[in-house]
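Have a look at the structure below before the remarks.
The values are calculated or read from the model by the stated rules, or taken from the named source; none is laboratory data. For clarity, every value in this text was computed on a predicted model and none was experimentally measured. All Cβ positions, even for glycine, are placed from backbone atoms using ideal geometry, and neighbour counts span all protein chains on display. Protein only, heavy atoms only, side chains kept; ligands, DNA and RNA dropped before computing areas. Shrake-Rupley method; radii C 1.70, N 1.55, O 1.52, S 1.80 Å.
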Amino acid sequence: MNESFIKTKSELTQKNILSLYIEKFTAFLILFIPVSMVMIPKGKYLAALLLIVSCVGLLLNRVKVAFQTEERIFLYVFFLYFCVHAINILWFKAEIRELDVASRFLIVLPIFFYLRKSNIRIDWFCGGILLAAITIGISSLYDVFFLNIGRPTSQVDIGAFGMFSAIFALLSLSMLNLYKSNKYIRLFSLLGFLGGTIGVVFALTRGVWISFFLTTILFLLINPLQWNLRKKIIFTASLTLFMLTVYFLPDTGVSTRIDQATSNIYDYFWSGLSASSAGARLEMWRASLKIIENNLIFGVGENNFNKHLTVLVENREIDNFVGRFRHLHNEYLSTLVEQGIIGLITLFTLFLVPLVSYYKRLFIGSYEARLLMLSGAIIILIYMGFSLTSGVFDHQIGALFYTIFMAIIMGIYGSYMRRNL
C-alpha cells in the first residue's frame, strides 16, 4: 500500500514538474512570437510550436474552468466565421484548400484553451510587444537612412508590416498605466510607441496610415489611460510635430506617397485613369459592385472574383488594367463578393461583437484586465481600418497574426480572471 502511494505521488510530482516546464516554455514563446512573426526568417513557425506545446499542456491539465462572458464571445465569433466560410465552400463545391485561411480561426483555439488554464503573467505578453515595437523602429531607421532602400525590410509583405507596426505602437502606448510605478518600463513603452510609429510611417502604406490615424483619434477620445487635457495636448502636439517632420523630409518618401494618392484619385474621377495604385483600387471596387448585383445573398464563392472580373473586362465594362489583379484590396467588398451579405454580416460580427464587449471592460477592474481588453480592441480597430484598402484575411499572415494574438490575449485574460476572482 505504501509503495503504491509513493509511486503515485512520484508520478504526480513528475507530471507537475513537466507542466511547470511547459508553462515556462510557453511564456518564452509568447515573449518572442511578436518579433519573430514580423522580423525573423521563418519566425511564424514559433506560432506552430506554441500550438503544439499548448496541446501537450492541455493533455497534462484536465482541470475544468468556467468561461468568462468575453471568452464565450471570442469563441462564438471565431466558430461562426469558420462555419460560414466552410458552408460557402461546400455550396460552391470549391477545393478544400480554399478553407486554409478560415481554418486558422479554429486551429489556434488549443492555445486559448491552454493559456486560460495556465499561470502565465501578462508581463510576458507586454515584454514581447515592446521587444517587437522597438526592434521594428531600429530596423526601419537602419534600412531607410543607412541602407537607403526606401522601405523597411521584414519577413512579411510591406502592408502587413505597416499594420503590425501600428498595432505594436498602440499596444506599447497602452502599457503606460499598467507600469506607472516603474519609470524604466514606462520609458520602454514610449520607445515602443515611437518604434512602432516609425515602422508605420516608413512602410509608406497609405491604408495603414488611415487606420493608424483613425484608431489613434479613437484612442484619445475614449481615453483609456485617463489622461487629463494637458497630457492629451502634449501627446497630440508631439505626434503632429513628428508627422510634419517626416512629411517635409524628402528622404522619407511620405510626401511623395501622399501626392501620388491625391493625383491618382483626381485622375480617376476626372480622366477615368485606372492605371495607378489608387485608380486600380477604385476601378476594382466599381467592378465588385457590378458583380454583387446578381449575387447579393451568397456571393460568387471563394476565389471566384477573378472569373467574373475577366468577364467584365472582356465586355469592356471595366478597364482591362485591373484584369491582372487577384484581390479586391478591400476586405469588406471581398467578403461581400465571395460570401455575399451573409459573409459580410459574419465579418462585422467578428469585429464588432467582441469590440463592444471589450469596450465595456475598459474602465472597470484592474489595470491588467483592462489592458488585455484594450489590446484586443486595438487589434480589431486597426484591422477594421486597414480592411478598407486591403484584404487583411486574403493572406495567411493576416489571418495568422489576428487569430494567434487574439487567442493569446483572451487566454491570458481568462487565466488572470481565474486567479483573481
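Can you work out ³J(HN,Hα) from phi for every residue in the range 332-346, in order, using Karplus 6.51 cos²θ - 1.76 cosθ + 1.60 and θ = phi - 60°, giving whole Hz and x for Gly and Pro?
5, 5, 4, 5, 4, 5, 8, 10, x, 5, 5, x, 5, 4, 5
With every protein chain left in place, what is the accessible area of residue 59 in Å² (1.4 Å probe, nearest 10)?
About 110 Å², rounded to the nearest 10.
Just to verify a number: FRET efficiency for residue 20 and residue 366, C-beta to C-beta distance, R0 = 22 Å, to 0.05?
Working: r = 25 Å, r/R0 = 1.14.
Between residue 20 and residue 366 the formula returns 0.30.
Whenever you get a sec, line up 52, 107 from highest to lowest accessible area (probe 1.4 Å, protein heavy atoms). Intermediate results must be reported in sequence, preceding the final value.
Details: 52 105, 107 75 Å².
If we order 52, 107 from most to least accessible, we get 52, 107.
In the chain, what percent of the accessible surface is made up of carbon and sulfur (1.4 Å probe, ligands and nucleic acids excluded)? Mind dumping the intermediate values first?
Numbers: 13230 of 20340 Å².
The nonpolar share, carbon plus sulfur, comes to 65 percent.
On average, how much accessible surface per residue is there in the chain, in Å², for a 1.4 Å probe, leaving out ligands, DNA and RNA? Numbers along the way, then the final one.
Working: 20340 Å² over 421 residues.
Result: 48 Å² of accessible area for each residue.
What are the ³J(HN,Hα) values, in whole Hz, obtained from phi via the Karplus relation 6.51 cos²θ - 1.76 cosθ + 1.60 with θ = phi - 60°, for each residue of the range 27-41 in sequence order, with x given for Gly and Pro?
Using θ = phi - 60°, the values come out as 4, 4, 5, 4, 5, 9, 4, x, 6, 5, 5, 9, 10, 9, x Hz.
Taking square-rooted eigenvalues a ≥ b ≥ c of the alpha carbon gyration tensor, is the range 99-168 rounded, prolate or oblate, where a/c under 1.5 means rounded and, failing that, a/b exceeding b/c means prolate?
Details: a/c = 4.42, a/b = 1.67, b/c = 2.65.
Judged from the Cα gyration tensor, the range 99-168 comes out oblate (a/c at least 1.5, b/c at or above a/b).
Calculated FRET efficiency, residue 237 and residue 141, Cβ-Cβ r, R0 25 Å, to nearest 0.05?
Working: r = 23 Å, r/R0 = 0.90.
Computed FRET efficiency for residue 237 and residue 141 comes out at 0.65.
Sorted by accessible area with a 1.4 angstrom probe, largest first, how do 145, 168 fall? Don't skip to the end; give the middle numbers.
Working: 145 85, 168 0 Å².
Most to least solvent-accessible, the answer reads 145, 168.
Of 314, 98, which has the most accessible area with a 1.4 Å probe, and how do the rest follow in descending order?
Details: 314 130, 98 35 Å².
Output order, biggest surface exposure first: 314, 98.
Among 24/64; 44/93; 44/64; 44/232; 183/232; 44/307, which pairs are too far apart, with a Cα-Cα distance over 26 Å?
Those over the limit are 44/93; 44/64; 44/232; 44/307.
Relative to the compact-globule scaling 2.2 N^0.38 Å, provide the ratio for the alpha-carbon radius of gyration of the chain. Walk me through the intermediate numbers first.
Values: Rg = 23.1 Å, N = 421, 2.2 N^0.38 = 21.9 Å.
Compared with the compact-globule rule of thumb, the chain sits at 1.06.
Based on the mean of other Cβ atoms within 10 Å per residue, sort peptides 356-366, 241-251, 390-400 so the most packed one is first.
Values: 356-366: 15.0, 241-251: 12.0, 390-400: 21.0.
Descending mean neighbour count gives 390-400, 356-366, 241-251.
Under the definition of Cα pairs under 8 Å and six or more residues apart, what whole-number percent is the relative contact order of the range 114-271? Show your work: numbers first, answer last.
On the way: 155 pairs, mean separation 37.9, N = 158.
In percent, rounded to a whole number, it is 24.
What number, in percent, do you get for the relative contact order of the range 1-137 if the mean sequence gap of Cα pairs under 8 Å and at least 6 apart is divided by its residue count? Don't skip to the end; give the middle numbers.
Working: 91 pairs, mean separation 52.1, N = 137.
RCO, the range 1-137: 38 percent.
Quickly estimate the mean residue ellipticity at 222 nm for the chain, helices only: each DSSP H run with n ≥ 4 gives -39500 (n - 2.57), and the total goes over all residues, rounded to 500. Mind showing how you got there, number by number?
Numbers: 16 runs with 305 residues, N = 421.
The helix contribution divided over the chain gives -25000 deg cm²/dmol.
What distance in nm separates the simple spin-label points at residue 87 and residue 270, each placed 7 Å from Cα in the Cβ direction?
4.8
Checking the a/c ratio against 1.5 first, then a/b against b/c, what shape does the Cα gyration tensor give for the range 267-344?
Prolate is the answer for the range 267-344, as a/c is 1.5 or above and a/b outweighs b/c.
Heads up, I need the accessible area for residue 410: 1.4 angstrom probe, whole protein in place, Å², nearest 10.
Surface open to solvent at residue 410 totals about 0 Å².
Efficiency by 1/(1 + (r/R0)^6): what FRET value for residue 75 and residue 248, r their Cβ-Cβ distance, R0 = 35 Å, to the nearest 0.05?
Details: r = 48 Å, r/R0 = 1.38.
Plugging the Cβ-Cβ distance into 1/(1 + (r/R0)^6) gives 0.15.
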